[in-house]
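What follows is a set of notes on a single structure, which appears directly below.
The values are calculated or read from the model by the stated rules, or taken from the named source; none is laboratory data. Values in this document were obtained by computation on a predicted structure and should not be read as measured data. Here the Cβ is made from the backbone with ideal geometry for all residues, glycine too, and neighbour counts use every protein chain on show.
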There are 2 protein chains.
Amino acid sequence: MDTKEEILNAAEVLFARAGYHAASMRAITESAGVNLALVNYHFGSKEALLEAVIARRLRPVNELRLRRLQEIRSRAGERNISPDLPEILRAYIEPVFGTGESERGWADFANLIGRAFTETDETAQKILLRHMKPANQLMLELLGAALPDLSGQEVFWRYQFLIGALGRAIRMNSSPGYERLKKNFEADSETLIRMLVSFAGAGMGSGERREGLR
Amino acid sequence: MDTKEEILNAAEVLFARAGYHAASMRAITESAGVNLALVNYHFGSKEALLEAVIARRLRPVNELRLRRLQEIRSRAGERNISPDLPEILRAYIEPVFGTGESERGWADFANLIGRAFTETDETAQKILLRHMKPANQLMLELLGAALPDLSGQEVFWRYQFLIGALGRAIRMNSSPGYERLKKNFEADSETLIRMLVSFAGAGMGSGERREGLR
DNA sequence: GAGTGTTTTAAACGTATGTTTAAGTTTACC
DNA sequence: GGTAAACTTAAACATACGTTTAAAACACTC
C-alpha cells in the first residue's frame with residue numbers, strides 16, 4: 001500500500017526538477033520502481049498526480065500560515081492596533097521554508113512551489129493558487145491594515161513584488177543548477193527568511209508614516 | 001522574404017503565452033500562415049527559433065541597459081562618489097518595459113522575459129541568461145558600490161529579490177490571465193516602474209547608513 | 001527564355017507521450 | 001480454502017511532437 005507514497009515521492013522530485021510537462025509518466029514510475037499503469041490506477045491521471053503531490057505538502061504549510069495570520073489579526077483586533085508588518089511577513093514566509101521538522105524532500109517541494117508562482121505551464125499554477133487562496137486573501141487584508149496610508153493599488157502591487165521575491169528566493173535556495181551562480185553567497189533558510197523579511201518590510205513600508213501616530 | 005519575420009512574430013506570441021515546450025511548431029507555423037517545414041528551413045530547429053525570438057528584442061534592451069549603467073558608473077567614478085541606488089534601479093528596470101517607442105508585441109515579449117527568469121524549462125532560461133550576463137554583472141558591481149556597508153552576500157540576495165519582484169511585475173503586467181486577479185489595481189508601465197524602484201530601493205537600502213557620510 | 005539557386009509545399013518518418021486494456025497476481029474476508 | 005476485491009503487469013493504443021525528404025514553385029541572372 002506504500003505504492004502510492006512511492007509514486008508521490010518520485011513524482012515530487014521529478015516535477016520539481018524537470019517541471020510538470022517534462023517529467024514523464026515513464027520516468028516517474030521507473031524512478032518509483034513501479035509499473036507505468038499504476039499512476040492512472042491510483043490517481044486517475046497525471047494531472048491528478050500533480051494535485052496529490054502538491055496537496056500532500058501544501059496542506060500543513062497553509063494551515064500553519066492561516067493559523068499564524070489569523071492570530072495576528074485577532075490580536076490586533078483585540079488591542080485595536082494595526083498589525084505589525086514584519087510579523088505578518090514572517091508568518092507568511094516562514095512556513096514555506098518548512099514546517100519545522102525539516103523533512104526529507106522539502107527542498108524539492110520548495111522548488112516546485114517556487115516554480116509554480118511563475119510557471120509557464122498553468123496546470124501547476126492553477127492548483128497552487130487554489131490551495132493558497134484563503135491564506136493569500138487574509139494576507140492581503142492584513143497588509144492593508146498594516147499599511148493604512150497606502151492605496152489599495154499600492155498594497156496590491158507591493159504584495160506582488162513580495163511574492164516574486166519569495167518565489168525567486170525559494171527557487172534559488174532549493175534548486176540545483178544555481179550552485180555556480182550562488183558561489184560564495186550560500187545562505188541557510190533562517191538567514192534567507194531574515195533577509196527577505198527585512199527586504200520586503202522596508203520595501204512595503206516605504207512612504208508610510210512610521211512610528212506611532214495612528 | 002518576410003516569412004522569417006512572420007514566423008518570429010507568431011513564435012514570440014506563442015512562446016510567451018504557452019511556454020516554449022507547449023508552443024508547438026504546428027501551432028506556430030499555422031499562426032504565421034506558413035508551411036510547417038519553414039521553421040527548420042529558415043532557423044534550423046525549434047530551439048534556434050527561440051534563440052532568434054529572444055535575440056531580436058533583447059539586444060536593444062540590453063544595449064540600453066548597459067549604456068545607462070555604464071554611464072552611471074563612469075559618472076560616479078569621475079566624481080568619486082557612490083552611485084545612486086534609485087538611479088541604478090531605474091536604469092536596470094526601465095528598459096525591460098520597452099525601449100521607448102512602445103512597439104507592438106512588446107507585451108508578449110515582456111511576458112516571455114518575465115517567465116524566463118524562473119522558467120521551468122531551462123531552454124529559455126539559458127538563452128536569456130547568456131544574453132543578460134554582461135548587464136547583470138555590471139548591475140551587481142554597481143549595487144555593491146552603492147551599498148558599501150552591506151556584505152557581498154546581502155547584496156547578492158537583495159539583487160535576487162529584485163529580480164524576482166521584477167519578473168513577477170512584468171508577468172502580471174503583460175500576461176493575460178491575471179486580469180481577474182488585478183481587477184481594480186491595474187497600473188500603467190510608468191506607475192509600475194515607479195513602484196518597483198521605490199519598493200526595491202527601500203528594500204535594498206535597508207540597514208544601510210543613509211545620507212551623507214562616506 | 002533556359003537554367004540555376006532559393007524558397008515553399010505535402011507527405012512521411014521516427015520517437016515520445018498519457019492512457020487504456022485484458023490478463024495476471026496478490027490480498028483479505030467469510 | 002474458496003471467492004471476491006484490490007492490485008499489478010505487459011502490451012497495445014491513439015495521438016502529438018520535431019524533423020526530414022523529395023518534389024514543386026518561384027526568383028533571378030545570363
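Things to note:
- Search result, residues across the stretch A:31-47 that are surrounded by 14 or more Cβ atoms within 10 Å (Cβ to Cβ) and more than 10 Å from DNA strand D (Cβ to nearest atom): A:SER31, A:PHE43, A:LYS46, A:GLU47
- Across the stretch A:152-192, the qualifying residues are those that are touching a residue at least 60 places away in the same chain (Cβ under 8 Å) and farther than 17 Å from B:MET204 by Cβ, and the one among them that is nearest to the other protein chains (Cβ to nearest Cβ) is A:ARG171.
- Listed by first and then second residue, the pairs with beta-carbon distance under 7 Å, at least 6 apart or on different chains, first residue in the stretch A:31-46 and among the charged types (D, E, K, R), second within 9 Å of DNA strand C (Cβ to nearest atom), are A:LYS46/A:MET25; A:LYS46/A:VAL39.
- In the stretch A:157-214, residue surrounded by the fewest Cβ atoms within 10 Å (Cβ to Cβ) [restricted to those that are modelled with pLDDT under 95 and aromatic (Phe, Trp, Tyr)]: A:TYR178
- Which listed residue, of A:THR118, A:THR123, A:THR99, is within 30 Å of A:SER82 (Cα to Cα) and at pLDDT below 80: A:THR99
- Helices (runs of 4 or more DSSP H) enclosed by the stretch A:1-110 - at least 1 residues per element that are within 14 Å of chain B (Cβ to nearest Cβ) and within 16 Å of DNA strand C (Cβ to nearest atom): A:3-18, A:46-79
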